[in-house]
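Just so it is clear, none of the values below were taken in a lab; they were calculated from the coordinates. As the structure is a computational prediction, the values presented were derived from the model and not from experiment. Every residue, glycine as well, gets a Cβ built from its backbone with ideal geometry; the counts of neighbours run over all protein chains shown.
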Amino acid sequence: MNLRDSVIAALRAAADPVRAPQQQAYMKSDMPYFGVGVPHCRRIAGAVFRAHPLPDADAWEAAILDLWRRAGHREERYAAIELLLFKRYSHWLEPARLAMVEELVVTGAWWDYVDAIAGRGVGAMLAAHPHRMKAVLREWAEDDDIWKRRTAILAQLRAKGETDTALLADAIQPSIGDPEFFLRKGIGWALREYSKTDPDWVLAFVEAHPELSVLSRREALKHLERRSRDSRRSGPAAPA
């Protein structure tokens, strides 16, 4: 069997017909599930990929798109994302493959797909190719497609101390006034993650942008407020 057929066979073997409709209902998905949890799906995909090595970047892209475009169950698309992010092929995830990544984001159009692509995939592309990807993400931040905008906002979720705060601000700014839930939630999430690295910058950003939605503001400050509560609860240090 080829890679796609092997992925589907392995997922079918692990299927849980009781869990499948529950997953579909939770994700509000038109596409059915096999009933395989995401961690298990990742393990299955990784085993198949190791058993079916790909010869070059074109074959890798073709395999990703084959899994994605012909998917009959949502886990097949999860497997396509895992192949996109597979460590063995990480050097192929470069700006030349942006059209493929954009297709996954735009046609996926839901948080379970887009968040993995943004935080793990586009974030890796940004780290490896900052000059090109910063320009792309600034364009995506102003795109009509909300999922490209969410991708731009979430691309630095894992960057920590390497976060480009000017890029983060530029990614957030065009969506601050948008009522779309997934943009407001994404803004708050991105700011909350960075608050773990630079709380002062996040506080200053929130204070400088009173137009942030209640949701974005609440999410952005959640970690800082929790830390403040923990500090008050522990009280002052005992005298020596």
What does the net charge come to around LYS28 if you take all other residues with beta carbon closer than 12 Å to its beta carbon, with K and R at +1 and D and E at -1? -1
For the stretch 1-91, list log₁₀ I(q)/I(0) at each q in 0.19 Å⁻¹, using the Debye formula over Cα point scatterers of equal strength and ignoring solvent, two decimals each. -0.81
Looking at the stretch 110-166, which chymotrypsin sites (Phe, Trp or Tyr not before Pro) are in a loop (DSSP not H, G, I, E or B) and have at most 10 other Cβ atoms within 10 Å? none
For the stretch 45-131, which trypsin sites (Lys or Arg not before Pro) are both in a DSSP coil and crowded by at most 13 other Cβ atoms within 10 Å? ARG70
Any idea what diffusion coefficient the chain gets from Stokes-Einstein, in µm²/s, Kirkwood Rh on alpha carbon pairs, 10 °C, 1.306 mPa s? 82 µm²/s
How long are the three semi-axes of the equivalent ellipsoid of the stretch 98-235, in whole Å, if each is the root of 5 times an eigenvalue of the C-alpha gyration tensor, listed from largest down? 26, 16, 13
Cβ-based exposure ranking for HIS40, HIS209, in which fewest neighbours within 10 Å come first: HIS40, HIS209
Based only on other Cβ atoms within 10 Å, what is the fewest-to-most ordering of THR163, THR151, THR197? THR197, THR163, THR151
Pairs to check: LYS134/LYS222; LYS28/LYS134; LYS160/LYS185; LYS87/LYS185; LYS87/LYS134. Give those whose C-alpha atoms are more than 21 Å from each other in this structure. LYS134/LYS222; LYS28/LYS134; LYS87/LYS185; LYS87/LYS134
Pairing the Cα long axis of helix 181-195 with the longest principal axis of the chain, what angle in degrees results, from 0 to 90 and rounded to the nearest 10? 70 degrees
Cα-centred dipole magnitude for the stretch 1-91, charges only on beta-carbon of K, R (+1) and D, E (-1), debye, nearest 20: 280 debye
Express the relative contact order of the stretch 1-91 as a whole percentage, based on alpha carbon pairs under 8 Å and six or more residues apart in sequence. 32 percent
Which value in deg cm²/dmol, rounded to the nearest 500, describes the helix-derived mean residue ellipticity at 222 nm for the chain, given -39,500 (n - 2.57) per DSSP H run of n ≥ 4 and division by the residue count? -20000 deg cm²/dmol
